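Here the structure comes first, spelled out in structure tokens, and everything after it is commentary.
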Amino acid sequence: MATVFTSRQAIQITGVTQRQLAYWRKTGLITPSQRTPGGHSRYSFHDLIALKTAKRLIDAGVSLQKLRNSITALTRTLPQLKQPLSELSLLATGDVILVFHEGAVFETLTGQEWILPIAQFQREVERKQNTRRPSPPSGQGELFPETSWECDLQDGNAANSK
């Protein structure tokens, strides 16, 4: 049997208050994985991670409502997850919660991606540049044969080079 923790142990380990723990359990934000035959809550290690994550996000300025909405959105977006707070890496920036999942970083509520993979983008630009080089119309000479147009990938602007 996996290790389980009492409510008192969960409070000591995670730093949540007894009031928070009771409220989150009552409202379904984070519920214990198990109950004893006598009805006492028992928290798994994953439950402790969820409790600690919720506490850190709230301490970082995320509202409880934003946290609830984010969990709902994450379970809708990633239905294979049972406990988003313990299965994902999250980052709070003000009142925005970002999630790291399978190499992507996105905002929990909107799903908007926050990272532009620059190296991948550069390869796409180079591929398009190589396939779309302008050529002079057939039968006509170049107006300025000593000049060729190339893409300056360092600043993204077209530049003349000799």
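Each value in this text was obtained by applying a stated rule to the coordinates, not by laboratory testing. Only a predicted model underlies this, so the values are computations on that prediction, with no experimental measurement involved. When we count neighbours, we look across all protein chains shown, and the Cβ atoms used for this are built from the backbone with ideal geometry, even at glycine.
Annotation: region 7-107 has a Kirkwood hydrodynamic radius of 14.0 angstrom, from the mean reciprocal C-alpha pair distance. Packing order of peptides 38-51, 58-71, highest average first: 38-51, 58-71 (average count of other Cβ atoms within 10 Å over each peptide's residues). Spin-label pair GLU126-HIS40: with each label point 7 Å from Cα along the Cα-Cβ axis, the two points sit 6.3 nm from one another.
Per-residue Karplus couplings for region 88-94, computed as 6.51 cos²θ - 1.76 cosθ + 1.60 with θ equal to phi - 60°, are listed in order as 10, 9, 10, 9, 9, 10, x Hz, Gly and Pro entered as x. Relative contact order of region 7-107, taken over Cα pairs closer than 8 Å and 6 or more residues apart, is 20 percent. Net charge near LEU85, counting Lys/Arg +1 and Asp/Glu -1 over other residues with Cβ under 12 Å of its Cβ? Result for the local shell: +3.
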